[in-house]
Ligand code: FAD
Ligand code: NAD
């Protein structure tokens, strides 16, 4: 699959590397990291062979460039010469070659519609397609089904009308100072975290999730606004504070723009975007609450303005080392949320088991807060938190305080590289550790196990959970 990456690392045996079952990555040659690619694009070398000229590319022309040393690919109507990029592509040359001489938009979107290929490949831009390729047209039709922008009823197309009477519509009215948009739907339980509203310059956007569909309304306010609906929408957020949580993990607080409403649903992540020496780099992160303890909690107001992140800084990490250099007041772009965790999993839940490793703890933060305050049926919550050393444990004292305060919560720390003073549990995730930890308190109770951490940890954990007879419905694993 076409996979323009946001990273060239991890190293082959790194925990960050997607293992079997996930997206395959190939080891890159020395000197072919993402940073090396960025350097090459800045070197002034002619990467397209066109000496900076942009041309109109016909379909016939595109088809001719289908070899490794002469490979053009079209993404969303723009044609790139990706031959110089081949050796830098973490998905490998073969993956890129699948789209050689053709429209790779669909392949690209299957893998990473959030990756900033425009920025990453800007020096490889050959030009625009002369005629819209049919695949691109198909892509847009496909998109309409997912992001079927709400239209007043009269404008609803046949296909959309067929989708049934519950299809939402909207209306708006305006005073001198206020524009009110009313969305009409039959769904009763819409809450604030299913609505995202952004207002930037002259553009107004509202995204809302109704049933399992995402609807987008986008209005140019005073004059026409051209917007690319593909990919994720980003808004610039300001760094408000940065606080050490462990020796390498920090709590970042970002403030949303004044006219944005966005609440990231439990279990979902966003993408953060930063420019690293002129190239936009994007990585996923899972927002957390400001704290686990009620007295420190940020006010959960409808106009909640802050997003918190617990982020581990890797000294040689491309994104995190750049993030760590930001000063208070600097800006980071934040995407709309994504993820497939469903809050309905908590309905009537009696026992909740959380298995977290390292920063895989991040999705568990909101889950813990929500589970302990909003699920009346819940009898027991158990967190098993895997780390290398005691110093790596995120929010240890908060977790201990919370477990002391709420007797339904048990927390166990497991260390893979403890000092000799550690007298708690040791080792990696294993059948012995899990079978003891996951004993159900009640027969036939409604149970959910959530697991998140490095890919090998999560994959191994899910296998062990199946061996212990947990059903698919009872397991939620967090992955990209
Ligand atoms: P990378 O550049 O990708 O490096 C990753 C690893 O490779 C590091 O160990 C680094 O030391 C090593 N490396 C870098 N350069 C070299 C080199 N030259 N040689 C050898 N090794 C090298 N992380 C969080 O901290 N908090 C979160 O909330 C969070 N949420 C996530 C949610 C999802 C859905 C996913 C998939 C991941 C999440 N992550 C989270 C991980 C995050 O997306 C990044 O992968 C992580 O921050 C590392 O990014 P980086 O660019 O700094 O590191
Ligand atoms: P780490 O290197 O500090 O390791 C923490 C623990 O994970 C270790 O003590 C060990 O018990 C376990 N572990 C590590 N490698 C393992 C392996 N190969 N097999 C079995 N167990 C292993 O972890 P970290 O640096 O904090 O990394 C956290 C990981 O969690 C990252 O890969 C990050 O991408 C991922 N993450 C994913 C999501 C998500 O998918 N939603 C969210 C947050 C973090």
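For the reader, a short list of remarks on this structure follows.
- Distance (nanometres) between label positions extended 7 Å along Cα→Cβ at residue 293 and residue 36: 4.8 nm
- Neighbour counts of C-beta atoms inside 10 Å place 184, 234 in the sequence 184, 234, starting with the fewest.
- In plain terms, the bigger the Kirkwood radius, the slower the diffusion; for segment 341-388, with that radius from Cα pairs, at 37 °C and 0.692 mPa s, Stokes-Einstein puts D at 292 µm²/s.
- Spacing of the two label points (7 Å from each Cα toward its C-beta) at residue 29 and residue 389, in nm: 3.8 nm
- Here residue 45 and residue 219 are evaluated by their C-beta separation; at R0 = 51 Å the FRET efficiency comes out at 0.75.
- Residue 417/residue 471 FRET efficiency (R0 35 Å; Cβ-Cβ; nearest 0.05): 0.55
- Length gained on full extension, residue 194 to residue 118, computed as 0.36 nm times the residue gap minus the Cα-Cα distance: 24.4 nm.
- When the P(r) is computed for segment 80-126, the part past 18 Å accounts for 20% of the Cα-Cα pairs.
- For segment 337-473, dividing the convex hull volume of the Cα atoms by the residue count gives 120 Å³ per residue.
- Stretch gain in nm, segment residue 63-residue 373, where the contour uses 0.36 nm per residue and the Cα spacing is subtracted: 105.8 nm
- A full extension of the chain between residue 55 and residue 401 corresponds to an added length of 118.2 nm, given 0.36 nm per residue minus the alpha carbon distance.
- Taken over segment 289-397, the percentage of Cα pairs per 5 Å bin, counting from 0 up to the bin with the maximum distance, is 2, 8, 15, 20, 21, 17, 9, 4, 2, 0.
- Label-point separation in nm, residue 169 to residue 306, each point 7 Å along Cα→Cβ: 4.3 nm
None of the figures in this text is laboratory data; all of them are computed from the coordinates on show. If you're wondering where the values come from, they're calculated on a predicted model, not measured in any experiment. Cβ sites come from the backbone with ideal geometry, for glycine too, and all protein chains shown count toward neighbours.
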